[in-house]
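No value in this document is a laboratory result; all are computed from the given coordinates. Since the model is a prediction, treat every value here as computed from it, not as a measurement. For neighbour counting, all protein chains shown are included, and Cβ atoms are generated from backbone atoms with ideal geometry for every residue, glycine included.
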Amino acid sequence: MHRINYRHRFWLAVAAFLGLGSAVHAQPATQCVDDVTTLTAQGEARTERPATHVDIHARFVERAQTSAAASNALEARFGPLLDRLRARTEKPMRLVAANASITPQWRYDDGDRTLAGFVATRMLRLTDVPVDEAGAWMQTLTDAEPDSLSLENYTARPEGGADAHPALAAAIRNARTRAETMADALGQSIGEALCIHEVSAPSPRPMRSATLAATGPDDATREPSIEPDTVTDHARVTVVFFLEPPSA
């Protein structure tokens with residue numbers, strides 16, 4: 001990168017004011033330098049971590065001739081389960097129980113429509129369930145005979161300390177390696193990092209959901225074994241380094 005003087009900074013500011021894309025792109029690289037020779041490099045990395053948490057979704061359905069009968073039948077199954085889950089759920093887990101949805105069912109015969117009954121539905125979701133506890137929670141929900149039950153949205157909680165964001169750290173190291181390669185090709189070397197700009201990257205890749213069909217307590221007496229895959233993190237950065245002058 002060429003030395004940035006006052007005139008260059010003036011025109012960069014003018015271009016940014018006018019909304020030119022090139023000036024906007026250059027802005028992060030010029031915010032932390034002033035009349036020094038720099039080298040800008042981009043770094044990118046992907047890392048994998050074991051999944052630590054997962055969400056559990058359950059759906060309960062009842063059918064009856066009247067809306068009241070469908071609602072009462074649903075609550076007879078859903079209410080006691082909800083009370084048990086509330087008593088057991090502790091942070092960071094969250095229990096979300098959606099309100100009941102009651103819809104009519106129609107029968108069609110030669111163009112004539114007649115009311116066949118009503119369908120009452122409730123959704124239940126347990127979020128941020130530790131993976132090593134997911135099997136026991138799945139068994140509890142299976143015993144309640146839901147109409148559908150699934151594991152969704154595997155996530156990996158970052159660890160504390162220097163390893164909190166491994167993909168980000170690897171991306172910064174990758175940027176330095178690229179900068180050293182470019183500087184070496186010029187017969188120069190890089191110095192300290194003057195600024196670092198994190199480019200927005202996608203969230204960790206969600207895992208494919210695994211579904212367990214609930215057919216009744218007699219057919220699902222064993223606690224499910226949950227063996228999740230890994231979660232992939234992706235990070236991208238732009239780093240501006242001081243470019244040392246050529247050695248004499």
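Computed quantities for the displayed model
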read-out	value
5 angstrom amide H check on T52, placed H, neighbours 5+ away	T155, A156, R157
Sparsely packed trypsin sites (Lys or Arg not before Pro) within region 33-90, loop by DSSP, other Cβ within 10 Å at most 12	none
Evaluated over region 112-156, the Cα radius of gyration and Dmax, each in Å	15.9, 54
Rg and Dmax of region 123-193, Cα atoms only, in Å	23.1, 71
Whole-Hz ³J(HN,Hα) from phi, Karplus 6.51 cos²θ - 1.76 cosθ + 1.60, for region 182-194, glycine and proline x	5, 5, 5, 5, 8, x, 10, 9, 9, x, 6, 6, 8
Pairwise FRET efficiency - R86 versus D112, Cβ, R0 = 41 Å, nearest 0.05	0.35
Residue-wise HN-Hα coupling along region 78-91, computed from phi with Karplus coefficients 6.51, -1.76, 1.60 (Hz; x: Gly, Pro)	7, x, x, 4, 4, 4, 5, 5, 4, 6, 9, 6, 10, 4
Span per principal axis, largest first, for the Cα atoms of region 43-186 (Å)	83, 44, 19
Shape parameters for region 27-125, alpha-carbon atoms, Rg then Dmax in Å	27.0, 84
Calculated FRET efficiency for the pair T181/R125, C-beta based, R₀ 41 Å, to 0.05	0.25
Charge context of I102, other residues only, Cβ under 11 angstrom, K/R +1, D/E -1	+1
Surrounding net charge for G191, when Lys and Arg each add one and Asp and Glu each subtract one, Cβ distance under 12 Å	-2
Nearest-0.05 FRET efficiency for A68 and N153, computed from C-beta distance (R0 51 Å)	0.90
